[in-house]
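Taking it in order: structure first as structure tokens, then the write-up.
The values are calculated or read from the model by the stated rules, or taken from the named source; none is laboratory data. As the structure is a prediction and not an experimental result, all values here were calculated from the model. Positions of Cβ are generated from backbone atoms using ideal geometry, with glycine treated the same way; all protein chains shown enter the neighbour counts. To get the accessible areas, we keep the full protein, side chains included, count just its heavy atoms, and leave off ligands, DNA and RNA. Shrake-Rupley method; radii C 1.70, N 1.55, O 1.52, S 1.80 Å.
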Amino acid sequence: MARFLVEGGTPLRGEITPAGNKNEALPLIAASLLTDDAVTLHNVPRIRDVGGMLEIATELGATVQELDGHSVRITGAPRSLKVPQKLAGEIRASLLFAGPLLARMKKVELGLPGGDVIGRRRNDTHFLALQQLGADLEVARDGYVLTTTGLRGAEVVLDEASVTATENALLAAVLAKGRTVLHNAASEPHVQQLGIALMKMGARIVGIGTNTITIDGVERLKGIEHTILSDHMEVGSLIALIAMTRGSATIRNAVPQHLRMTQLVFKRLGVDTEVVGNDLVVKGKDNYVVEEDIGGKIPTIKPGIWPGFPTDLSSVATAMATQAQGTVLIHEWMFDGRMFWVDALERMGARLVLADPHRVVVVGPSQLYGTELRSPDIRAGMALLGATLCAKGSSVMNNVEQLDRGYEELDKRLRALGARIERAG
């Protein structure tokens, strides 16, 4: 098991470029199976989840060529109908192969998907959408089997604005016969980028970026070249880490149009940022002060569906709040197990109360102290890493394979900013 050895107390300074968006890359890998032509992806993050999706694509019959460190060419004529349980169990996005395989092969066998353990994560919305498009579902103990005599356009109502379910419905509908209208669709940047890529492949889609998407099915799609945007979740995480260490740094190629709510929320925690062209500058400060609500009321940080504050940044916002003067309530309502990691922050010296599975009250600032801990999931792991970087003394972070799933060469890139962090094991 790999671990990070961290010596805290060094401000992060300099420049850093975020990796490509993991949540954009994963559905695009699945989308490559919609055509026999080559799909070339650039700025692909080299992380475990991407490697897992490419391995599944290979198992299904695609040919994957590594063009350089961050570019791959996928030629995807699917021959197999089965997403193996071992591979599916390592990554939740394995579900995204359902749409393309149903559209092209009329059947798919899915192993149970894995992913972060942050509470119950329903798969129902995926299957309800695919059933409305003409798929039949069989549930087994070790997975799912979906079959169809042919997908047909329909009025599809998603029972929640799920990102991956919206993506799965898009991937199925682009080759379905007739018109599909997706209601209550997700509109996050990575959903928008999938829609843009599909349109470049020849799909007929209207409404990307809104909550109602109309798709007119086509008979075939063509190959494309597509460059993945920077990961706005990584940018948000870096804002927190730089600020927590009282550092000052420039995040290059940050795609600022995706950061408006992230900047606003971190400003409420006292963090000043500035957009310069396509870069984001995190300004160094010795002291951060929580912005109270009008009348001196305790503010609440609460994630929302896009364009709200991303739920995946709730953890780093919680860690950042331990370094800001004042009291703040973090209300993470989306996942019932996402906040159970905060006991590790408390052991490091944070003053907080886990009020219930969804709400944490943080009173700052707190001097944090180095300790031994483990990364429970990708986002909580990043938050705890930020805590170790600003803590007094040494820390050992175990289970950093979780961080490797979502962040590329994180220790190496943070060392370039001055972090005292080494990988062992």
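Quick one: is residue 226 of a type outside the set (A, V, I, L, M, F, W, C), in contact (Cβ under 8 Å) with a residue 40 or more places away in the chain and in a helix (DSSP H, G or I)? No. Within the range 209-228, if we keep just the residues that are hydrophobic (A, V, I, L, M, F, W, C) and buried (at least 20 other Cβ atoms within 10 Å of the Cβ), the residue that is nearest to residue 172 (Cα to Cα) turns out to be 215. Restricting attention to the range 60-96 and to residues that are β-branched (Val, Ile, Thr) and open to solvent by 40 Å² or more (accessible area, probe 1.4 Å), the residue that is farthest from residue 36 (Cα to Cα) turns out to be 64. Taken together, the residues in the range 232-278 that are in a loop (DSSP other than H, G, I, E, B) and buried (at least 19 other Cβ atoms within 10 Å of the Cβ) amount to 7. Filtering the range 13-20 for residues that are open to solvent by less than 10 Å² (accessible area, probe 1.4 Å) and at positive phi leaves an empty set. Note on the range 328-355: residues that are among the charged types (D, E, K, R), out of contact with any helix residue (DSSP H, G or I) (no Cβ under 8 Å at 6 or more places or on another chain) and either open to solvent by less than 40 Å² (accessible area, probe 1.4 Å) or assigned to a helix (DSSP H, G or I) (or both) amount to 3.
Table: residues versus (1) assigned to a strand (DSSP E or B); (2) free of Cβ contacts under 8 Å to residues at least 40 places away in the same chain; (3) open to solvent by 10 Å² or more (accessible area, probe 1.4 Å); (4) of a type outside the set (A, V, I, L, M).
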residue: 98; (1), (2), (3), (4): no, no, no, no
residue: 101; (1), (2), (3), (4): no, no, no, no
residue: 108; (1), (2), (3), (4): yes, yes, no, no
residue: 113; (1), (2), (3), (4): no, yes, yes, yes
residue: 150; (1), (2), (3), (4): no, no, yes, yes
residue: 167; (1), (2), (3), (4): no, no, no, yes
residue: 172; (1), (2), (3), (4): no, no, no, no
residue: 175; (1), (2), (3), (4): no, no, yes, no
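Scanning the range 282-309 for residues that are part of a loop (DSSP other than H, G, I, E, B) and either surrounded by 24 or more Cβ atoms within 10 Å (Cβ to Cβ) or of a type in the set (Phe, Trp, Tyr) (or both) gives 306, 309. Any residue in the range 38-59 that is over 24 Å from residue 196 (Cα atoms), open to solvent by less than 10 Å² (accessible area, probe 1.4 Å) and part of a loop (DSSP other than H, G, I, E, B)? The answer is no; no qualifying residue exists.
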